[in-house]
Amino acid sequence: MKIIVQKFGGTSVSTIEKRNFVIEKVENAIKEGYSPVVVVSAMGRKGEPYATDTLLSLINDDFKALNKQAADLLMGCGEIISSVVMSENLSKRGIKAIPLTGGQAGIITNSNFSEADVVKTDTARLMNLLKEGYVPVVTGFQGVDEEGYLTTLGRGGSDTSAAILGVALNAEEIQIFTDVDGIMTADPRIVEDAALIDEISYNEVFQFADQGAKVIHPRAVDVAMKGNIPLVIKNTLSNCRGTIINNLGDKTGKRIITGITHMANRIQVRIIKDNNKGNCNYKLILQTLAENNISLDLINIFPDKKFFTIDSKDKSNLINILDCLSIKYDLVEDCSKVSIIGSGMKGIPGVMARIISTLDNEKIEVLQTADSHMTIWCLIHSDKVRDAIKILHKVFMQN
Ligand code: ADP
Ligand code: MG
């Protein structure tokens, strides 16, 4: 049996017109001799009746914080609705479809509600249904813990569900259908003439995803890579070939920069040694923040100062901790981290210099930089992020 996993995101299943395109993709897979397993997200985006954010707005934050298990049960409803509706739509077109919750599809997680990790996948039910000629329509983003409680896998978790099932079923391919043609050289909502990337390595796409490109969740890339199952990103509404993610990436070897992405809501923290003279807690800052689960990024340590960034959701926690340690600091709020990604830049001199001079020419202040063998990061003020991405894209991707 040639199994294929086809995951459809929220916008792809939001209206009957779009779901007709989904049916076409499933029909085509069957015609090509595949046994598809469909994974669906909740229908639509915030504001639409069955979208996850809309459902979450029905209960207040205090209840959510104290009743994580109940919040997960509510959050799982959007996908349940979607899988039943999609199954009905497929059945009407003569495709034997059956809706399944993540748990019914065999996805077993730990009990870390809202951010659960998959501990095992039991494919027995799915395999039996496939053998009987059914198309299982599995709710993305959820599993069940060993006690039988519904759990969710964190935002973007439907991509992870698809990857987990693809690996567990040893699928020929995991297809992620969304509202763009594939992975582009930049978010097409920012750069109108962003180009489609035909082939990209797991490692590069992981960087893209991890550094803010919403198009695929990093965990899904990691799972597919470890299982060595090809991952393909495609547009539900077009027949574009999409982006193929595998171990090879760019076969021409000519690409220096693969693409640009960004992460908003960063705060730069600046701590100057001279301002904290005589405070022995100065040495303990990074350790104490780590012990309090504050994730730090762009950490630059100098003899006379420490600079790093945090996500804005951790701001009040950070302030409490630094105040407790009697540390004096400055915050630069509303920052974004721009990532210029490309495994081809390794060993090519001058890329960082070109980035800095490009931004400088546009009068975009660079607050901090960092680099690795595959990525260069620049921290800038968020109000300049669109301009920065546009100009960097123009200079690096269109020449
Ligand atoms: P879905 O609901 O199908 O999971 P998402 O909204 O999670 O879709 O992801 C698709 C979106 O990712 C696109 O609409 C696009 O705006 C955004 N995106 C960000 N960076 C990129 C990129 N480099 N290439 C393609 N899309 C991107
Ligand atoms: Mg998504």
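Odds and ends about this structure:
- The strands (runs of 3 or more DSSP E) found entirely in the range 283-399 that carry 2 or more residues being aromatic (Phe, Trp, Tyr) are 305-311.
- Top-ranked residue in the range 290-317 [being in contact with a helix residue (DSSP H, G or I) (Cβ under 7 Å, 6 or more places away or on another chain) and farther than 19 Å from Val366 by Cα; ranked as surrounded by the fewest Cβ atoms within 10 Å (Cβ to Cβ)]: Asp304
- Criterion applied to Arg255, Arg189, Arg266 was being buried (at least 22 other Cβ atoms within 10 Å of the Cβ) and either basic (Lys, Arg) or within 12 Å of ligand 1 (Cβ to nearest atom) (or both), and the one residue passing it is Arg266.
- Pair list, Cβ < 8 Å and 6+ apart or interchain, from the range 266-277 residues that are modelled with pLDDT of 95 or more to residues that are of a type in the set (Val, Ile, Thr) and not in a strand (DSSP E or B): Ile271/Ile285; Ile271/Ile327; Asn276/Ile327
- Qualifying residue in the range 37-45 (condition: away from ligand 2 (no atom under 16 Å from the Cβ) and closer than 24 Å to Val135 by Cβ): yes
- Against the conditions (1) surrounded by 24 or more Cβ atoms within 10 Å (Cβ to Cβ); (2) at pLDDT 95 or above; (3) more than 7 Å from ligand 1 (Cβ to nearest atom), Glu204 satisfies every one except (2).
- Residue count, the range 215-227 (criterion: within 12 Å of ligand 1 (Cβ to nearest atom) and either of a type in the set (Asp, Glu) or farther than 21 Å from Leu165 by Cβ (or both)): 0
- The residue of the range 237-279 that is farthest from Leu379 (Cα to Cα), among those that are part of a strand (DSSP E or B) and hydroxyl-bearing (Ser, Thr, Tyr), is Thr243.
- Filter result for Arg125 (within 15 Å of Ser41 (Cβ to Cβ) and of a type in the set (D, E, K, R)): no
- Complete set of residues in the range 168-211 that are within 14 Å of ligand 2 (Cβ to nearest atom), in contact with a strand residue (DSSP E or B) (Cβ under 7 Å, 6 or more places away or on another chain) and part of a helix (DSSP H, G or I): Val205, Phe208
- Qualifying residue in the range 140-159 (condition: surrounded by 20 or more Cβ atoms within 10 Å (Cβ to Cβ), assigned to a strand (DSSP E or B), within 14 Å of ligand 1 (Cβ to nearest atom) and in contact (Cβ under 8 Å) with a residue 24 or more places away in the chain): no
- All positions within the range 1-50 that are in contact with a strand residue (DSSP E or B) (Cβ under 8 Å, 6 or more places away or on another chain), among the charged types (D, E, K, R) and buried (at least 17 other Cβ atoms within 10 Å of the Cβ): Lys7, Lys25
- Close contacts from the range 167-181, counting a first residue that is under 16 Å from Ala29 (Cβ atoms) and away from ligand 1 (no atom under 16 Å from the Cβ) and a second that is in a helix (DSSP H, G or I) and not β-branched (Val, Ile, Thr), with Cβ to Cβ under 7 Å and a gap of 6+ residues or different chains, come to Leu169/Leu126.
The values are calculated or read from the model by the stated rules, or taken from the named source; none is laboratory data. Since the structure is predicted, the reported quantities are computational estimates derived from the model, not experimental observations. Positions of Cβ are backbone-derived with ideal geometry, glycine not excepted, and every protein chain shown enters the neighbour counts.
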